[in-house]
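All remarks here apply to the structure that follows.
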Amino acid sequence: MYRSSLKIKWVGKTCVSCSLLFMTFMLLSLPAFSAEGRTPVFLYGTNINQPGKYILTRNLTLAAGGPAGVFINVSDVDLDLNGFTIDANNGGTGVVVNPFADHVRIHNGIIGPMMAGGVSCALCVDVVGPNTQVTVENIKCFDFSSYGIKYTTVTDGAIRRTEIRDGDGPGISWGGSAAGAIENCAIQSVTTGIEFVNATNGQIVDNQISVTEADGISIKSSRGVLVSENTVDSAGQYGIVLVTSFTVKLFDNVVTSSTSHGIYLNPGSSDNLILNNISARNGKIGIPPFSDGLLIQGGRNLVDRNLLTGNSNYGLHFSGGASACRNTFGRNTARGNNGGVCPIGGGLTPPDSCDETSQAICGIAQTNSSYGDNLIAPLQ
């Protein structure tokens, strides 16, 4: 019978043979990973400077003052966290993707303190930008002080099937995106759930966002973005907000229990399609701020087949003076809302809906127009 000659030797409370055991295990593991074409990563602060496939083989814990768990400095890298945790405590960052490191994939692991009540990391993943085709998927990111996942000027990237929670900053912040996708993510207890800034031709699809301090989904200075089949519950400010954004399609989203308006288009947002959304029970009756299901202050938007019920102010509300003209709305349902007297009227009936524009404000040919059967009167 084979018997190992290696014995565990303790000096006081110190295992003097444990480091040898660990190094022996790592050396024995290297051929297996090499046969699979993957390079083991087992040290915090690892710099990846060669293309290839990499895999974590243990949890990584931030040393005092260490900046990040893994730095990716080159293109064509696949980093498999292998179910392990990068404990980027004391203000560190889990993974940094440096500029011009393109075609990168980070997946299958956890970034955040390993101990309950541990000191927060700064960011889980920081893609510094500019970059192309960076994908983060199947990651759990929690307890951060700055951002969950931050993309800066990333083209044709994706964030998918990722859980983000318990942070003092935005869950996902993506600035300068072209053709980016955020899909199937669960985001909870952060400041803003998802923020898209200066984005073109992107999509935010099938995400679940709840209990945010500020907005659930914020689209700013963007165009050609699809926002579809998301659920937003208990946003601290707006459920979904468009700020100075154009040709955005809001389709089939469900927004409930926002502190302010469920869906809000600011005066600079025009030429958008708002279709088949549910915006209900936003705001608290009799308690400011009085919240609309759908507030539109921009112009030339098409508003069709939305269900707007039980909000503390109007269900459908056009406001903002001359900027809120030339909108078209049809086949919407607004019932059980609690708005007050509509200052102008515009053909919509309070307390369920209100159009504050008029021919005097918009001009005869540019007032908001209705088609189909809008069920917006309280007796319908």
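Below are the figures for this structure:
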quantity: Residue in segment 120-140 that is in contact with a Leu (Cβ under 9 Å, 6 or more places away or on another chain), buried (at least 19 other Cβ atoms within 10 Å of the Cβ), outside any strand (DSSP E or B) and not polar (S, T, N, Q) present; calculated: no
quantity: Per-region count, segment 210-238, residues buried (at least 24 other Cβ atoms within 10 Å of the Cβ) and under 24 Å from N337 (Cα atoms); calculated: 8
quantity: Meets criteria (loosely packed, with under 14 Cβ neighbours inside 10 Å and under 18 Å from L265 (Cβ atoms)) for G321; calculated: yes
quantity: Which listed residue, of R305, R331, R326, is out of contact with any helix residue (DSSP H, G or I) (no Cβ under 8 Å at 6 or more places or on another chain), touching a residue at least 40 places away in the same chain (Cβ under 8 Å) and charged (D, E, K, R); calculated: R331
quantity: Strands (runs of 3 or more DSSP E) wholly inside segment 34-108 containing at least 2 residues that are surrounded by fewer than 17 Cβ atoms within 10 Å (Cβ to Cβ); calculated: 52-56
quantity: Hey, D292 out of contact with any helix residue (DSSP H, G or I) (no Cβ under 7 Å at 6 or more places or on another chain), in a loop (DSSP other than H, G, I, E, B), under 20 Å from V227 (Cα atoms) and not hydroxyl-bearing (S, T, Y) or not; calculated: yes
quantity: Hey, S270 under 30 Å from the mean Cα position of the chain (by Cα), closer than 21 Å to N253 by Cα, of a type in the set (S, T, Y) and modelled with pLDDT of 90 or more or not; calculated: yes
quantity: Evaluation of G148 against (1) modelled with pLDDT under 95; (2) under 18 Å from I209 (Cα atoms); (3) of a type in the set (G, A, S) (one fails), failing number; calculated: (1)
quantity: Residues of segment 164-180 satisfying the condition of being among the hydrophobic types (A, V, I, L, M, F, W, C) and in a loop (DSSP other than H, G, I, E, B); calculated: A179
quantity: Out of T57, T61, T85, sole residue that is touching a residue at least 40 places away in the same chain (Cβ under 8 Å), of a type in the set (S, T, Y) and over 24 Å from G129 (Cβ atoms); calculated: T61
quantity: So G262, is it buried (at least 17 other Cβ atoms within 10 Å of the Cβ), touching a residue at least 12 places away in the same chain (Cβ under 8 Å) and of a type outside the set (F, W, Y); calculated: yes
quantity: Test: N338 is outside any strand (DSSP E or B) and modelled with pLDDT of 95 or more; calculated: no
quantity: Exclusive hit being closer than 22 Å to G202 by Cβ and surrounded by fewer than 18 Cβ atoms within 10 Å (Cβ to Cβ), set V254, V248, V241; calculated: V254
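The values are calculated or read from the model by the stated rules, or taken from the named source; none is laboratory data. Note that the coordinates shown come from a computational prediction; the quantities given were computed from them, not determined experimentally. FYI the Cβ positions are ideal-geometry reconstructions off the backbone, even for glycines, and counts take in every protein chain you see.
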